[in-house]
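The next block holds one structure in the form of C-alpha cells; read it before the comments.
The values are calculated or read from the model by the stated rules, or taken from the named source; none is laboratory data. These numbers were taken from a predicted model, which means no experiment stands behind them. Methodologically, a virtual Cβ is constructed for each residue, glycine included, from the backbone with ideal geometry; neighbour enumeration extends over all protein chains shown.
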Amino acid sequence: MPKGFYIEITNNLLDPKHRKKMGTAVWEFMWCLDKITKIDENQIGWVYGGKPIQLKEISEELGILQHNVSKNLNKLKKEGYLLLIRTPRGLIIKINKAKKRFGGKVVDNYGKTKKRFTDKGERFTDKSKSIYRQDNDNTNNNIIINNLKRLNEIKKPLIEKMKIMT
C-alpha cells in the first residue's frame, strides 16, 4: 500500500452519532474511502471501480483479523454507510454519499465536478458558502488555529466551574 497520501474526510465523521454507529469499524470505512476510484451519478463511491475484494486484502493492509473486518463491514452496511455485494471472487464495496478528489477535482454532494485545485489555491463555491483553499501548510495551519479557538471556548466554562468548586 502506498504510504503518505492524504485521505480526505469531512469533520461530520466526528459527530457522536457516527462514532456510536461505526465504533471501531471507522478504520474499514477510511480504508474504503481511500480505495474509491469512481463516483457515479447517484453519489455512490465504487471501491476499486467495483472489482471484487477479498477480506484478506483489507485484513493485511489494516492489520486486523479477517473475522473482524467482515464483522465491521457488515456493521457499516447495517448502519447505511456501505453497500456490499457478495460475489464468488470477493466483495464489491460501494460507499453511500461519497466525496473524493480525483486529480485535483472535487466531486460535490450531487456528484458534479467542481473547479480544479492548484497548489496556489483556488476558489470554489458550495450551495451555501464559499471556501478558499491554499496550499496544504496554510490549510493545516488554519485547522490548527480553529481547533485552538474551539479549545479556548470549551476551556473558559471549565475554568469558571473550577473556580466555583474551590
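Filtering region 57-89 to residues that are part of a helix (DSSP H, G or I), closer than 25 Å to residue 99 by Cα and not hydrophobic (A, V, I, L, M, F, W, C) leaves 57, 59, 61, 70, 71, 72, 74, 75, 77, 78. Under the condition of being part of a strand (DSSP E or B) and hydrophobic (A, V, I, L, M, F, W, C), the residues counted in region 5-56 number 5. If you go through region 9-30 and keep only what is surrounded by 10 or more Cβ atoms within 10 Å (Cβ to Cβ) and either among the aliphatic types (A, V, I, L, M) or modelled with pLDDT under 75 (or both), you end up with 9, 13, 22, 25, 26, 30.
Within region 40-69, the set of residues being of a type in the set (Gly, Ala, Ser) and either within 15 Å of residue 83 (Cα to Cα) or surrounded by fewer than 17 Cβ atoms within 10 Å (Cβ to Cβ) (or both) comprises 45, 49, 50, 63.
Scanning region 69-89 for residues being of a type in the set (S, T, N, Q) and touching a residue at least 40 places away in the same chain (Cβ under 8 Å) gives a total of 1. The single condition among (1) closer than 24 Å to residue 143 by Cα; (2) surrounded by 16 or more Cβ atoms within 10 Å (Cβ to Cβ) that residue 95 does not meet is (1).
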